[in-house]
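J.: One structure, pasted below without further comment.
The values are calculated or read from the model by the stated rules, or taken from the named source; none is laboratory data. Quantities reported herein were computed from a predicted structural model and do not represent experimental measurements. Here Cβ is always computed from backbone atoms with ideal geometry, including for glycine, and neighbour counts include all displayed protein chains.
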Amino acid sequence: MWPRHASNGMKNNFQIIIIIVFILLAILGVLVFSGAIPIGEDDKTLGQGTVVMWGTVNGNVMAPLIEDFNTVNSTFVVQYVEKNRDTFDQDLLEAIASNKGPDMFFLSDDLAFRYADKIIIIPYQSFPLANFKNTFAGAGEVFLSSNGILAFPLFIDPLVMYYNRSMLDSSDVVTPPMYWNEFMNTATTLTKRDESNKILKSGAALGHYSNIAHAKDILATLFMQMGNPIVTEKNGVPISDLGDPNFNLSTALQFYSDFANPLKSNYSWNKSFPNSNVAFSREDLAFYFGYASEFLSLINQNPNQNFSVAPVPQIKDAKFKLTGAKVTGVAISYFSKNYNTAFIAASRMSTGDFAKKLAEALFVAPVRRELLATKPSDAYSPTFYNSALYARSWLDPSEKDTNDIFRGMIDGVLSNNLSIRESIRDAGARLNLLLLK
């Protein structure tokens, strides 16, 4: 038996060693995230242990992807936990508050603002801004801030235009419109009314808010096509650009709302219609603006429907192309107890085969530029991939609250309670207040 004083000495030495190890690990973490130790292809020995990742993607879809990822990255393990989409935000906030949250999680663009103070912001010394822009399509830039990168982008779900081929064919419309002026004329041609001006078949679901799927996203896309980013960051503070007089947003809002005005020639939509995605599947609507991820659900709603997909129309003679998008990335929790491994796992998911396989499984587009260059050969994916390349998103501070802001902007015009300019100015002021919270 060891003498007691020797045992105590060994115990004290062991504790000292443990303390030193923790200090070294802490220093290593600081060096990694400050950029002093860059993370790259030679970082395999840095990833150790198990990290937990939360997301709303179906667990059955994720299981083989995570298994393959863990096989390739044998020094650490990622455990995926599927969470309910409707309660994800609340579940995550409660878990973080109780110090039981995940090490990393899927971050959608509409949660980036809300979680900016709950994630590890990756400094540009670790992942240079130029590398980010050369690697990822522009939609991924919603995760950029003045301080660094909020999340590694994974995939883009671009806004596209689905159209009923049979309705176009029967009206001798050879190709879907490329520009908004053409779209207005084509939608007018495809809208069928009876003698009392009641709409029987609609060419376009625009104008209202309540029964139009993605009404906010459609109008936001029109604003961004006018060159307005909706939200910008100045001196590290996000502010609303909706009220900026340098952008003529009145034209876009007027164009949108006219489709619900019975006095206009392009009147094509009213509140008697069901939700626009339902009307499209019933073949009562010629053009439906939806996301790439809706493709399979549209098929399932009406397997016999003869529809196809085209890019969202553009402003004729504009200097750039743009469509709206939803973007998802993987973020590292500020409260992770294994953030080095979480960093490595997140970066490899974004820059490796995982991102490609995930986009294919979800029928959306990858965010990496070199992956967008190689398009699947089916009839629909090329449109999704091309749209993703010029897609953009914006820093939405609160999906629910901005839904109310955009609803109020549209309804204010339709009810004649506010002028076009007053509606936009009011929306800009409300958005600024929301950004200050």
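J.: Sort out which residues of the stretch 247-292 are surrounded by 14 or more Cβ atoms within 10 Å (Cβ to Cβ), assigned to a helix (DSSP H, G or I) and free of Cβ contacts under 8 Å to residues at least 40 places away in the same chain, and write them in order of number.
T.: Ala252, Val278, Ser281
J.: Kindly indicate which of Val312, Val330 is in contact with a Leu (Cβ under 7 Å, 6 or more places away or on another chain) and assigned to a loop (DSSP other than H, G, I, E, B).
T.: After ruling out the rest, the residue left standing is Val312.
J.: Tell me the residue from Val77, Val72 that is without any contact (Cβ under 8 Å) to a residue 60 or more places away in the chain, farther than 21 Å from Phe363 by Cα and not assigned by TED's automatic domain parsing to the domain that holds Met184, please.
T.: Answer to the check: Val77.
J.: Filter the stretch 172-215 down to the residues that are surrounded by 13 or more Cβ atoms within 10 Å (Cβ to Cβ) and among the hydroxyl-bearing types (Ser, Thr, Tyr), then identify the one that is nearest to Lys321 (Cα to Cα).
T.: For the stretch 172-215, the residue satisfying everything is Tyr179.
J.: Of all residues in the stretch 117-137 being crowded, with 16+ Cβ neighbours inside 10 Å and small (Gly, Ala, Ser), which is nearest to Met62 (Cα to Cα)?
T.: Going through the qualifying residues, I end up with Ala137.
J.: All but one of (1) touching a residue at least 60 places away in the same chain (Cβ under 8 Å); (2) touching a helix residue (DSSP H, G or I) at 6+ places or on another chain (Cβ under 8 Å); (3) acidic (Asp, Glu) hold for Asp401, so report the exception by its number.
T.: (1)
J.: Tell me which residues, restricted to the stretch 199-238, are closer than 23 Å to Arg165 by Cα and out of contact with any helix residue (DSSP H, G or I) (no Cβ under 9 Å at 6 or more places or on another chain).
T.: Ile199, Leu200
J.: Sticking with this one: For the stretch 103-157, how many residues are farther than 21 Å from Tyr385 by Cβ, of a type in the set (S, T, N, Q) and not in a loop (DSSP other than H, G, I, E, B)?
T.: 1
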